[in-house]
Amino acid sequence: MADLIVIPARYGSTRLPGKPLHPIAGRLLLERVAGIAMVAARKLGDVEVMVATDDTRILDKAHEIGLHAVMTSPDISSGSGRALAALRASGRSAQLVVNLQGDAPFTAPDHIVEIVRHARRSTADVTTPVVQLDWPRLDALVAHKQMTPASGTTCIRAADGRALWFSKTVLPFMRKEAELRGELPLSPVLQHIGLYCYRTPALEAFEAAPPSHYEVLEGLEQLRLIELGLDIRAVLVPPARITMSGVDSPLDVERAERLIAEHGDPFVDWRA
């Protein structure tokens, strides 16, 4: 039974319609994310990659560039829900299902590898990556939140890696921050990366439950998992070479292209 990486790829987007088919530095967004998934799948072994879409234009393009793709309902609101719908539409089974965001072209393939390997050797319901921020990265996050308070999510985890909480607030509060800055090379703040590896029963439980109280307050779907009592493991990973949240607007496309020009293009053509 192979594990599954699903790339949810919706056509509808208020600020960037048809964004999976939008080019970024000469490559479609869909191609870039698919390359990430393919690299991770080859490193892991026994993993299939599937695109889950709600539009025949994306379906046709996925098939054209050599990807397996399935149609899912346009009424599905979350990437996790689309991942489960793709699993069901494929008529197959999988022990682990990775939800790889279709608008995240700079996701590190090794982050996928780490969470799947952790899931394979543990009993966790869900695994997800976190990065421990050094002080300059923490300062950059705090500064960015001055302009966009809902950007960036932090995580609190137990010593065994079990995720205790996620928040748009920078956690934990540091009562003696100045002293810590002088003593420690890394801050105690863990930034969450929106990438999930589910055991299929956990994904089904998530989709069967209504939005939870704190999920609605914070706007974080992973809080539904915690409120359901599921075991979420926050796996510590190194920072990605290029860090950027999802591509959601023409300005995001411009920023992504600037980052590629500055740091080099991470795209790997799996068909070569």
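The values are calculated or read from the model by the stated rules, or taken from the named source; none is laboratory data. Just so it is clear, the model here is predicted, and its values are computed rather than measured. Cβ placement follows ideal geometry from the backbone for every residue including glycine, while neighbour counts extend to all protein chains displayed. Accessible surface areas use protein heavy atoms only, side chains included; no ligands, DNA or RNA. Shrake-Rupley method; radii C 1.70, N 1.55, O 1.52, S 1.80 Å.
With +1 on the Cβ of every Lys and Arg and -1 on the Cβ of every Asp and Glu, and nothing else charged, how large is the dipole of the range 79-199 about its Cα centre, in debye rounded to the nearest 20?
About 500 debye.
Calculate the dipole size of the chain relative to its Cα centre from +1 charges on Lys and Arg beta carbons and -1 charges on Asp and Glu beta carbons; express the result in debye to the nearest 20. Don't skip to the end; give the middle numbers.
On the way: 30 positive and 33 negative charges, 53 e Å.
With only Lys, Arg, Asp and Glu charged at Cβ, the dipole is about 260 debye.
Any idea what angle helix 29-44 forms with the longest principal axis of the chain, computed on alpha-carbon atoms, 0 to 90 degrees, nearest 10?
80 degrees
Roll a 1.4 Å probe over the protein chains and send me the accessible area per residue for the chain in Å².
For the chain, the solvent-accessible area averages 47 Å² per residue.
Indicate the gyration tensor shape class of the range 110-156 (rounded, prolate or oblate), computed on the Cα atoms with a ≥ b ≥ c the square roots of the eigenvalues: a/c under 1.5 is rounded; otherwise a/b larger than b/c is prolate and the rest oblate.
On the way: a/c = 3.45, a/b = 2.48, b/c = 1.39.
Cα axes put the range 110-156 in the prolate bin.
Points 7 angstrom from Cα along the Cβ direction at Glu183 and Ser249: gap in nanometres?
4.1 nm
What's the extension gain from Arg88 to Leu217 if we count 0.36 nm per residue and subtract their Cα-Cα distance?
43.4 nm
So, R0 is 25 Å and r is the distance between the beta-carbons of Ile156 and Glu204; what FRET efficiency does that work out to, to 0.05?
In this case the efficiency is close to 0.40.
Which residues does the label zone of Gln146 cover in the range 168-191, counting backbone N under 19 Å from a point 7 Å along Cα→Cβ?
In the range 168-191, the label zone of Gln146 (backbone N under 19 Å from the point 7 Å along Cα→Cβ) covers 169-171, 174, 177-178.
Would you mind checking which residues have amide H under 5 Å from Ala69's amide H? H placed 1.01 Å from N; only 5 or more apart, or other chain.
Amide H neighbours of Ala69: Val51.
Tabulate in residue order the Karplus-calculated ³J(HN,Hα) for the range 256-264, using 6.51 cos²θ - 1.76 cosθ + 1.60 with θ = phi - 60°, rounded to whole Hz; enter x for Gly and Pro.
Each residue's phi maps through the Karplus curve to give 4, 5, 5, 5, 5, 5, 7, 10, x Hz.
Once the piece of chain linking Ala25 and Gln132 is laid out straight, how much longer is it, given 0.36 nm per residue of separation minus the C-alpha distance between them?
Result for the pair: 35.5 nm of gain on full extension.
Can you give the extra length, in nm with one decimal, that the chain gains between Phe173 and Thr123 once fully stretched, where that is 0.36 nm per residue apart less the Cα-Cα distance? Please list the in-between numbers first.
Numbers: separation 50, 0.36 × 50 = 18.00 nm, distance 3.08 nm.
Roughly 14.9 nm would be gained on extension.
What per residue convex hull volume, in Å³, comes out for the range 120-268 when only alpha-carbon positions are used? Provide the component values of the computation, followed by the final result.
Values: hull volume 23.8 nm³, N = 149.
Residue-normalised Cα hull volume stands at 160 Å³.
Over the range 7-120, with every protein chain in place, what whole percent of the accessible area is carbon and sulfur at 1.4 Å, could you tell me?
47 percent
Between the range 200-252 and the range 74-105, how many Å separate their Cα centres?
Taking the Cα centre of each part, the range 200-252 and the range 74-105 sit 14 Å apart.
Once the Cα atoms of helix 109-120 and of the chain are each reduced to a long axis, what angle between those two axes, in degrees from 0 to 90 to the nearest 10, is obtained?
90 degrees
Given N residues in the range 5-158, what is its alpha carbon radius of gyration divided by 2.2 N^0.38 Å? Mind showing how you got there, number by number?
Values: Rg = 16.5 Å, N = 154, 2.2 N^0.38 = 14.9 Å.
Dividing the Cα radius of gyration by 2.2 N^0.38 Å gives 1.11.
Based on the mean of other beta carbon atoms within 10 Å per residue, what is the order of 138-151, 232-245, most packed first?
Working: 138-151: 12.1, 232-245: 17.9.
So the peptides 138-151, 232-245, ranked by packing, come out 232-245, 138-151.
Could you give the angle, 0 to 90 degrees to the nearest 10, between helix 135-147's Cα long axis and the longest principal axis of the Cα atoms of the chain?
70 degrees
Based on Cβ point charges of +1 for Lys and Arg and -1 for Asp and Glu, what charge dipole magnitude is obtained for the range 57-112 about its Cα centre, in debye rounded to the nearest 20?
Roughly 180 debye, rounded to the nearest 20.
Considering the alpha-carbon set of the chain alone, what are its Rg and its Dmax in angstrom?
18.2, 57
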